[in-house]
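Only one structure is covered here, and it is reproduced in the block below.
Just so it is clear, none of the values below were taken in a lab; they were calculated from the coordinates. None of the values given here were measured: they were computed from a predicted structure. Here Cβ is always computed from backbone atoms with ideal geometry, including for glycine, and neighbour counts include all displayed protein chains.
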Amino acid sequence: MSVLDRYVEGCASAHQTLLGLVDSIEPTSVREPSLLPNWSRAHVLSHIARNAEGLRRFFVAAEDGLVGEQYPGGRAKRDADIDDGANRDFSVIVSEVRTSIWELEGAWARASAEVWASKGRLLTGAEVTLEESVFRRWREVVVHTSDLGYAYTWANWPNDYVRFELDRQLMAWRASQPMGVKDFPEHVRRLPDAKRLAWLLQRTSIEGVEPGPGI
């Protein structure tokens, strides 16, 4: 199985986990605070939907030989769209999450080799391959499902996602350390992989060490 196939398979599974969770929650609970500062659970769900819509733009643009913008209008427009989505009725929020997932996965299924070889432009202005955009979507869904603050936590993150992400985050952590530091402190190395990753992504803390670089 190719790396892209593993990304798609892992992300599709994460989508189903999210949808199963959303279908099981009490509608009024989405107005409660999430684990992210200043965001309700509805904000997190709206962000997940807007993220899928933005990544789908990459594929739509690539079909015309263009570099798509994830968030046309920049950060202010992106934030306003999230706020607007979060203020909608629960049924509309859930519908948008579900529809945006279906449309993004449909774009993946239709993409030709030429489209997959294209790039898209992130909010930061950086360009990423469309293959990389699938991994980024996987990260968004897995991590933000735990940010909702229901029963799903970082301890439930899929093993495949943890393995892929831990390699990436270790590189980012090393880059932030003094010259010569190549690995975590001993007591951090002894922790389960999922907890080390949650620390690196600033989703948990570890006594005696500074927070990880986050995402």
Just how large is the dipole of the chain about the Cα centre, in debye to the nearest 20, putting +1 at every Lys and Arg Cβ and -1 at every Asp and Glu Cβ?
460
How much length is gained if the chain between LEU66 and ASP5 is pulled fully straight, taking 0.36 nm per residue apart and subtracting their Cα-Cα distance, in nm to one decimal?
19.6 nm
Taking the dipole of the stretch 39-194 about the Cα centre (Lys, Arg +1; Asp, Glu -1; charges at Cβ), the one of PHE58, ALA107, PHE164 that reaches farthest to the positive side is PHE164
The chain, relative contact order [Cα under 8 Å, separation at least 6], %:
21
The stretch 39-58 and the stretch 80-114: distance between their alpha carbon centers, rounded to Å:
7
Computed for the stretch 50-101: size of charge dipole around the Cα centre, +1 on C-beta of each Lys and Arg, -1 on C-beta of each Asp and Glu, debye to nearest 20, value 100
Those trypsin sites (Lys or Arg not before Pro) from the stretch 93-202 that are DSSP loop and have at most 13 other Cβ neighbours within 10 Å turn out to be LYS182, ARG190
